[in-house]
Amino acid sequence: MPELSYREAVRDALSRAMRADEDVFVMGEDIAEMGGSMGVTQGMLAEFGADRVRNTPISEMGIVGAGIGAAMQGMRPVVEIMYEDFLTLSLEQIVNQAAKHRYMSGGQLKVPITIRTQGGAGWSPGAQHAQQLEAWLVHVPGLKVVFASTPADVRGLLWSSIYDDNPVIFFEHRTLYGLKEEVPDELEPIPLGQARVHREGTDVTVVATGRLVHESLAAAQEAETHGLSVEVVDPRTLQPLDERALVESVQKTNRCVVAHEAVTRMGFGAEVAAVVQYAAFDWLDAPIERVGARFTPIPFAPVMEEFVVPHANDVLAAILRTVGKDVDGG
Amino acid sequence: MAQVLSGGLRRVIGDGEGVPDGRVDGLDDADLLDLYRSLVLLRTYDERSVVYHRQGRIGTYAIFWNHEAMQVGSAHALADEDWIFPSYRESAIGLLRGIPASTLLSWWRGHPAGWWNPADYNVASICVPIATHVPHAAGLAWGKRLRGESAVAITYFGDGATSEGAFHEGANFAAVMRAPLILFCNNNGWAISTPLAAQTRAETLADKAVGYGMPGVRVDGGDVLAVFEATREAVERARAGEGPTFVEAVSYRAAPHATADDPRAYIDLARVEEEKRRECVGRYEGYLRRLGLLSDEEREEIRSGAAALMREGIARAEAEPAPDPSILFEHALASPPPSFAQDLAELRRILGRTEAGGAASPRPSGPEGAGPEGSV
C-alpha cells in the first residue's frame with residue numbers, strides 16, 4: 001500500500017478522475033505552473049496540459065460562475081478557491097446559482113461542480129486567511145458540503161464529490177496537507193453522507209471535523225489516563241449529515257462533545273447538538289459540550305492565534321466536564 | 001451592409017424619407033418574413049402578458065415592449081446548437097426556440113409546468129439577479145471550445161448590468177479564455193429608475209470592450225436587421241475561434257421596467273412618446289411594406305396566429321393541476337438525503353390536520369400566482 005500525504009491524496013483523486021473522464025478539468029488561480037498556493041496541483045500541468053489545468057484571472061465570482069456554466073452542459077469541473085476566506089467573493093454564484101439551478105428547473109438541470117478550497121488556523125495567516133466558514137454553506141439547501149480529515153478520506157471523498165450530480169463544496173484543512181498515511185492501491189470512493197468512527201469507545205462520543213479530528217484523537221488517548229473510553233466520530237460530509245451514526249454513538253456512550261475549529265457560537269456544533277438531543281434525549285447523562293474557536297476574528301500574532309482556536313486540551317476538558325470532572329475550575 | 005451613424009451606431013432600416021433602406025446579405029424574402037413573424041410573436045406575448053398580469057392570471061411581469069428587435073435580430077443570427085443565457089428581460093426568447101407559450105406563462109405563474117430542461121432548447125434558465133449569468137455563459141462557451149464543439153453562447157443583460165462585478169469577471173474570463181461568446185447588452189437607458197448617466201461615465205458601453213481586449217460594436221437596438229447583422233458577425237468571429245464580442249444595442253425604454261413599476265416619477269415622458277411612435281415592430285413593418293414583402297392579409301394572418309397561440313398558451317397554463325407539495329423536496333438535490341423525506345412527512349401531517357379540521361387551506365385563496373404589486 002502506498003503512503004500518501006493529504007496533499008498527494010487530493011492530487012491523486014483529481015488526476016485519476018481526469019484520466020478517467022475528459023469532462024473533468026481543474027481551474028483556479030495559480031494552479032498550473034505554480035501548482036496551487038498549497039502545491040496540490042503540482043505536476044498536473046505536465047500531464048494534462050494548460051486547457052485542463054487552467055490558470056484563471058483573479059476572479060472568484062468568474063471562476064465559480066464559469067464552472068457552473070461548464071457543468072450545465074454535463075462537464076465536471078473542479079474549481080479551486082485559493083483560501084476559503086475568498087469564497088465570500090463567489091457566494092452569489094454558490095448560493096443563488098449553483099445551489100438553485102436544479103431546484104428551479106424542476107430537477108432537469110444538474111450542476112455537477114466541485115468547489116475545492118482550504119483554510120484554517122495553524123500558521124498564523126491572520127483574520128482574512130484563517131477562517132473556517134463551512135457553517136455558512138451547510139445552511140443552503142441544494143449544496144453538499146464535505147470536510148475531509150485524512151489522506152484516505154480526502155481521496156475517496158473527492159472522487160465521490162466530482163462524480164456527484166450536485167454542487168459540492170469541498171473543504172480541506174491547511175495544516176493537514178503534510179499528514180501521511182497508507183492508502184489502498186486502488187482508489188476506493190467514499191459515499192457522501194457517511195460518517196467514520198475513528199476510535200470506538202463506551203463513555204463519551206466526540207463528534208469532530210477537520211483538524212479537530214486529530215486533536216480529538218489525542219484527547220481521547222489522554223482521557224484513558226482518566227479511566228475514560230472515548231469514541232471519536234468524523235461526519236466527513238457535513239451536508240447531508242449522517243445523523244443516524246451520530247445518534248447511535250451517543251445512545252451507546254450517553255455523553256457527547258462536538259468539536260470543530262470554526263467559532264462555537266451559532267456553529268455547526270449547535271446543529272449536531274440539536275440533532276443529538278432531539279433523537280437521544282433520554283439517553284443523555286450530561287449536557288452536550290461544544291468546542292470551537294472563541295467568537296472573535298483570528299488574530300495575526302502566533303501566540304494570540306493559539307488563544308483563540310481549540311486544541312486537544314480543550315477537547316479533553318470538555319470530555320471531562322461531561323463526567324463531572326472540571327479540570328479548569330478544579 | 002449597415003450604415004454607420006453618429007456615435008458609431010449601425011443601422012439598416014431607413015425612415016421612409018431621407019434615410020434609405022439597406023439590405024443584409026444572405027437574407028432572402030422568406031428570411032425577412034421569418035424575422036417579422038418572430039417580432040410579432042414576441043410583441044403579442046408581451047402585450048398579452050401585461051393583460052394577464054392585470055387580470056391576476058400571472059405574477060409580476062418584466063415587460064420587454066420595444067426590445068423585440070434586439071431579441072429577434074440576435075437570436076436569428078444563432079444556430080440551434082448555440083446557447084442562449086437570458087435575463088428576465090428576455091424571458092420569452094425561448095419561444096423562438098420552440099418552448100411553448102404555456103411553459104413560459106406557467107413560469108410567470110410560479111407553476112412547476114414552467115420548468116424546462118435547458119439542454120432541450122439550449123436556452124438556460126432565466127436569471128433574475130443582475131449579470132450573474134454572464135460568467136455561466138462564459139464557462140459554457142469555454143467548455144464548448146474545450147470539448148472541440150462548434151457551438152457558441154450569447155448572454156443578454158441590460159445597461160445597468162455593466163456596473164456589476166459579475167459582468168466584469170465574466171467578460172474578462174471569456175476574453176482571456178477566447179471563449180466563443182457574444183455579450184449582448186440591451187442598453188435601454190434605464191436600470192429601473194437609474195439613468196445610464198448615473199450608471200457610468202463611459203461615453204458608450206461598447207467602449208468597455210476595449211479594456212477586455214475584445215471588439216465592441218454599437219447598433220440601433222430598434223433595427224432588427226442591424227442587430228441581426230452585427231450579431232451574425234460576432235457569431236462568425238466566435239465560431240472561428242477569435243473569442244468574444246461585445247454588442248451594445250441602443251434603444252430607449254418605452255414601457256415600465258415591470259408591472260410593479262410606475263416610471264412617471266422619473267422618466268422623460270415626451271421621449272417615451274417619441275419612442276413609441278418609432279417602436280421597432282412598426283419600423284420593420286414599414287421596411288417590409290416599402291419592399292412590397294408584406295400584404296395586409298399576411299400581416300393579419302401573422303398577428304392572428306400569434307394571438308391564437310397566446311390564447312391557447314394561457315388556457316393550457318391555467319388547466320395545469322395544482323402541484324403536490326412533494327415537489328418542494330424533490331428537486332433541490334439529486335438523491336435527496338433522509339431529512340427531505342422527514343420534512344415532507346411533517347408537512348403532510350400538518351396539511352392533513354388543517355384539511356380535516358377545515359381551519360386553513362394549504363393553498364392561498366385568490367388568483368393563483370398573482371403576486372402583490374411591488375413585490376418584484
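The values are calculated or read from the model by the stated rules, or taken from the named source; none is laboratory data. This is a predicted model, so every value here is computed, not measured. In this analysis, Cβ positions are derived from the backbone assuming ideal geometry, glycine residues included, and neighbour counts consider all displayed protein chains. Keep in mind that these areas ignore ligands, DNA and RNA; they rest on the heavy atoms of the full protein, side chains included. Shrake-Rupley method; radii C 1.70, N 1.55, O 1.52, S 1.80 Å.
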Alpha-carbon centroid distance for the pair region A:247-279 / region A:4-32, whole angstrom: 33
Sulfur and carbon atoms: percent of accessible area, region A:196-322 [1.4 Å]: 54
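Report the number of Lys pairs in the protein assembly as shown whose alpha-carbons are under 24 Å apart, with separation of 8 or more residues or on distinct chains.
Counting lysine pairs in the protein assembly as shown gives 6.
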Shielding of B:173-181 by partner chains, average beta-carbon count, 10 Å: 3
For chain B: rounded, prolate or oblate by the Cα gyration tensor [a/c cutoff 1.5]: prolate
Averaged over B:325-333, number of beta-carbon atoms from partner chains that fall within 10 Å: 5
Residue of A:Glu289, A:Glu33, A:Glu60 that the Gaussian network model of chain A assigns the largest fluctuation, springs spanning Cα pairs under 10 Å: A:Glu33
Which of B:Glu285, B:Glu17 is most accessible, then next, and so on - probe 1.4 Å: B:Glu17, B:Glu285
1.4 Å probe, heavy atoms, protein only - residues of region B:98-134 losing at least 40 Å² accessible area vs chain alone: B:Trp115, B:Asn117, B:Ser125, B:Thr132
For B:Ser339, net neighbour charge (Lys/Arg +1, Asp/Glu -1) across residues whose Cβ lies under 14 Å away: -4
Square roots of 5 times each gyration tensor eigenvalue, C-alpha, region A:3-182, largest first, Å: 23, 19, 16
Evaluated over region A:51-102, the Cα radius of gyration and Dmax, each in Å: 10.7, 29
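Rounded to whole Å and sorted largest first, what semi-axes of the equivalent ellipsoid does the C-alpha gyration tensor of region B:21-86 yield via the square root of 5 times each eigenvalue?
28, 14, 9
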Accessible area per residue, Å², chain A with all protein chains present, probe 1.4 Å: 37
Per residue value of the accessible surface for region B:24-72 (all protein chains in place, 1.4 Å probe), Å²: 31
Candidates B:Leu293, B:Leu181, B:Leu104, ranked by Gaussian network fluctuation over chain B, Cα under 10 Å, top entry: B:Leu293
Gap separating the Cα centres of region B:254-304 and region B:221-250, nearest whole Å: 23
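Please compute the Kirkwood hydrodynamic radius over chain A, one decimal place, Å, based on all pairs of different Cα atoms. Could you put the intermediate results ahead of the total?
Details: mean 1/r = 0.0496 Å⁻¹.
Hydrodynamic radius (Kirkwood, Cα pairs) of chain A is 20.1 Å.
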Equivalent ellipsoid, region B:140-290 (semi-axes from 5 times Cα gyration tensor eigenvalues, Å): 29, 20, 12
Rg(Cα)/(2.2 N^0.38 Å) for region A:196-322, N = residue count: 0.99
Largest to smallest principal axis extent of the C-alpha atoms in region B:103-192, angstrom: 40, 34, 17
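Based only on Cα atoms, what mean projected area does the convex hull of region A:172-271 have, in nm²?
Details: hull surface 29.4 nm².
The orientation-averaged projected area of the Cα hull of region A:172-271 comes to 7.3 nm².
Starting with the highest mean, order B:26-33, A:133-140 by the number of other Cβ atoms within 10 Å, averaged over the residues of each peptide.
Most protected by this proxy first, the peptides run A:133-140, B:26-33.
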Separation between Cα centres of region B:164-180 and region A:283-298, rounded to whole Å: 44
Kirkwood-based Rg to Rh ratio, region B:200-264, C-alpha trace: 1.08
Cα principal axis extents for the protein assembly as shown, largest first, Å: 99, 68, 45
Choice from B:Leu294, B:Leu347, B:Leu205 showing the highest fluctuation, given a GNM over chain B with Cα pairs closer than 10 Å: B:Leu347
Residue-averaged beta-carbon neighbours from other chains (10 angstrom radius) around A:73-79: 4
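Determine the percent antiparallel among the DSSP beta bridges restricted to region A:3-182, to the nearest 5.
Roughly 10 percent of the beta bridges in region A:3-182 run antiparallel, per DSSP.
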Rel. contact order, % - alpha carbon contacts under 8 angstrom, at least six apart, chain A: 16
Relative contact order of region A:196-322, defined on C-alpha pairs under 8 angstrom at six or more residues apart (%): 30
Between A and B, accessible area buried - total, square angstrom, nearest 100, 1.4 angstrom probe: 3300
Accessible surface of region B:141-270 [probe 1.4 Å, protein heavy atoms]: carbon and sulfur percent: 48
Protein-protein interface of region A:142-179, residues with accessible area decrease of at least 20 Å², isolated chain reference, 1.4 Å probe: A:Gly142, A:Lys144, A:Asn166
